[in-house]
Amino acid sequence: MITTRLYHQDAYLTEFSAHIVGRSDDGRRLYLDRTAFYPASGGQPHDTGTISGVPVVDVIDEEKRIAHITASPVEGAEVACRVDWARRFDHMQQHSGQHLLSAVLLELCGAETVSFHLGSEVSTIDAAVGALRPEDVLAAEQRVNQCVTENRPITVTYEPASEAKDLRRPADREGVLRIVSIEGLDRSPCGGTHVRAAGEIGPVVLRKLEKVRGNVRLEFLCGMRAVRRARSDFEALSRIARIFSSTLDDAPTLVAAQHDALQSADKARRRVAGELARYQGRERYASTEPGRDGVRRAVVRQPSGAVDEELRALAQGFTAQPKAFLVVVIEAPPAVVMAVSADVGLHAGDTLKALLARHNGRGGGNARMAQGTVPSREALAALVAEIG
Ligand SMILES: [Zn+2]
């Protein structure tokens, strides 16, 4: 038995009664003779609501029939049904807004919409165009909202595919088409639910642009979603402006200036830290007694960290002096640095590489400095013991 789709006649119908004409053995998959529950299709998510007071968790389009998945089994033959209106109306706003936006993008930029996704937070369309300039986006946003304020009627007609003219996209099927029209702007075959006039879409804001598979993916929000987003944007920007004791409009300039100042301060700090580390390397050299061969050998131990610029600067400070041999040992994660002065007669890279190979480590370097990692503290201890 074909399910009568009440939402095609009246997208505003939220309460209806129906007969259960089929159900799964567990009583959670129901088929009704007629339904106002919209199944997920055409980019628009399914409705929720209740059947005999039991929550509807999914609605599936099976072409001829519509399956209603309920949270628990539903008894009886005749049932009272209620569609969650807040969710449905939000979907109607986003979906109708999509028709409007797609028509405007085609009109202003020649960009055809190739797909639509209505998400729980934001919606997107993929437009077949190489790029959209900021001024294109601004013009499209203004034109869309102008159509909203003109409150253009949105109507549904049924026309044979062979006779339907001026469609935004050619119909992909034969027979009678359900055509959704925005007065003076757009005619598109569509089986979804729409508001009856553009004013009900509410404000429309265009947001992020993204390149996806040669198209431009454009994020947009309609109705209360746009209002909620504007509110949270305002609050976020206000928090930033409070930090800088500025107006909202001045905040971006101040943030950019602070960012630049922070970057140059960080650069200066890193330079000073490097100088300090080199100095500490020289100090360490000065306080290290030379061995019988005249080489000063030192092992610097660090409980944790990474082999960074400062560590390398320390090693350079040490080995910039004659007859210098330095090993830096980092316990966690286990790592080792070997640095030598040119007159020691040892190739740091080759020496460390050979040691690492015996202790399942990896790494390497040049004649003066090398670094590597080993898989465990035990391997690290064994490697360091071998250096002597
Ligand atoms: Zn539609």
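Every number in this text was worked out from the coordinates using simple rules, so none of it is lab data. The structure displayed is predicted, hence computed values, not measured ones. All Cβ positions, glycine included, derive from the backbone under ideal geometry; neighbour counts span all protein chains shown.
What per residue convex hull volume, in Å³, do the alpha-carbon atoms of the range 54-100 yield?
Numbers: hull volume 5.0 nm³, N = 47.
Expressed per residue, the convex hull around the Cα atoms of the range 54-100 is 107 Å³.
Whole-Hz ³J(HN,Hα) for each residue in the range 217-222, computed from phi via Karplus 6.51 cos²θ - 1.76 cosθ + 1.60 with θ = phi - 60°, x for glycine and proline: what do you get?
Karplus-based 3J(HN,Hα) across the range 217-222 equals 8, 10, 8, 9, 9, 10 Hz.
Relative contact order for the range 84-189: what percent, with Cα pairs under 8 Å and sequence separation of 6 or more? Display every interim value, and only then the final one.
On the way: 119 pairs, mean separation 22.2, N = 106.
21 percent.
Give me a comma-separated list of calculated 3J(HN,Hα) values for the range 198-211, in order, Karplus coefficients 6.51, -1.76, 1.60 applied at θ = phi - 60°, integers in Hz, x for any Gly or Pro.
So the Karplus estimates, Gly and Pro as x, are 4, x, 6, 5, x, x, 10, 10, 9, 10, 5, 10, 8, 8 Hz.
Between A71 and A139, how high is the FRET efficiency from 1/(1 + (r/R0)^6) when r is the Cβ-Cβ distance and R₀ = 45 Å? Nearest 0.05.
Between A71 and A139 the formula returns 0.45.
Just grab the label-to-label distance for S24 and E159, each label 7 Å out from Cα along the Cβ direction, in nm (one decimal).
Simple spin-label model gives 4.1 nm for this pair.
Tabulate in residue order the Karplus-calculated ³J(HN,Hα) for the range 163-177, using 6.51 cos²θ - 1.76 cosθ + 1.60 with θ = phi - 60°, rounded to whole Hz; enter x for Gly and Pro.
Coupling constants for the range 163-177: 9, 5, 10, 6, 7, 4, 10, x, 5, 9, 8, 8, x, 7, 9 Hz.
So, in Å, what gap is there between the alpha-carbon centers of the range 305-322 and the range 97-130?
About 56 Å separates the Cα centre of the range 305-322 from the one of the range 97-130.
I need to check one value: relative contact order of the chain, counting alpha carbon pairs closer than 8 Å and at least 6 residues apart, in percent. Walk me through the intermediate numbers first.
Details: 750 pairs, mean separation 35.8, N = 388.
That works out to 9 percent.
Expected output is a single nm value to one decimal: the length gained when fully extending between D84 and A342, i.e. 0.36 nm times separation in residues minus the C-alpha distance. What is it?
Full extension from D84 to A342 adds 85.0 nm.
Amide H of V57: which non-local residues (sequence gap of 5 or more, or other chain) have their own amide H closer than 5 Å, using H built in the peptide plane?
Here the answer is I69, T70, A71, since their amide H atoms fall under 5 Å of that of V57.
So what's the Cα pair-distance distribution over the chain, bin width 10 Å, in %?
5, 16, 17, 12, 10, 11, 13, 11, 5, 1, 0
Check A197: other-chain or 5+ apart residues with amide H under 5 Å from its amide H, H built from backbone geometry?
I154
So what is the 222 nm mean residue ellipticity for the chain from helices alone, if each DSSP H run of at least 4 adds -39500 (n - 2.57) and you divide by all residues, rounding to the nearest 500 deg cm²/dmol?
Numbers: 8 runs with 134 residues, N = 388.
The helix contribution divided over the chain gives -11500 deg cm²/dmol.
Tell me, what does the Kirkwood hydrodynamic radius of the range 97-145 come to in angstroms if you use every pair of distinct C-alpha atoms?
On the way: mean 1/r = 0.0909 Å⁻¹.
One decimal place: 11.0 Å for the Kirkwood radius.
Give me the number: length gained by fully extending Q258 to R362, i.e. 0.36 nm times residue separation minus the C-alpha to C-alpha distance, one decimal in nm. All intermediate terms of the calculation are to be shown ahead of the outcome.
On the way: separation 104, 0.36 × 104 = 37.44 nm, distance 4.10 nm.
Extra length from Q258 to R362 when fully extended: 33.3 nm.
So if I take the alpha carbon set of the range 11-79, get Rg, then get Rh from the Kirkwood formula, what is the Rg over Rh ratio?
Values: Rg = 11.1 Å, Rh = 12.0 Å.
Ratio value, two decimals: 0.92.
Using a Förster distance of 35 Å, how high is the FRET efficiency between R231 and T14, based on the Cβ-Cβ distance and rounded to 0.05? Walk me through the intermediate numbers first.
Working: r = 27 Å, r/R0 = 0.77.
Once the sixth-power term is evaluated, E becomes 0.80.
What share of the DSSP beta bridges in the chain is antiparallel, in percent to the nearest 5? Present the calculation step by step, with values, prior to reporting the outcome.
Working: 70 of 80 bridges.
Approximately 90 percent, going by the DSSP bridge assignments.
Looking only at trypsin sites (Lys or Arg not before Pro) in DSSP loops with at most 10 other Cβ atoms within 10 Å, what is the longest site-free stretch of the chain?
Numbers: sites that count: K64, K165, R173, R213, R292.
Here the longest run is 65-164.
Return the FRET efficiency for the residue pair L276, I387: r is the Cβ-Cβ distance, R0 is 30 Å, and the value is rounded to the nearest 0.05.
Numbers: r = 26 Å, r/R0 = 0.88.
FRET efficiency, L276 to I387: 0.70.
Name the long-range amide H neighbours of G22: under 5 Å, sequence gap of 5 or more, or other chain; modelled H, no Pro or chain starts.
Y31
Test of the criteria: in the range 13-120, which GluC sites (Glu not before Pro) are in a DSSP loop and have at most 13 other Cβ atoms within 10 angstrom of their Cβ?
Details: sites: E15, E62, E63, E75, E78, E107, E112; in loops: E63, E75.
Sparse-neighbourhood loop GluC sites (Glu not before Pro): E63, E75.
Work out, step by step, the length gained on full extension between E309 and M1: first 0.36 nm times the residue separation, then minus their alpha carbon distance; give nm to one decimal. Working shown, then result.
Details: separation 308, 0.36 × 308 = 110.88 nm, distance 7.42 nm.
Full extension from E309 to M1 adds 103.5 nm.
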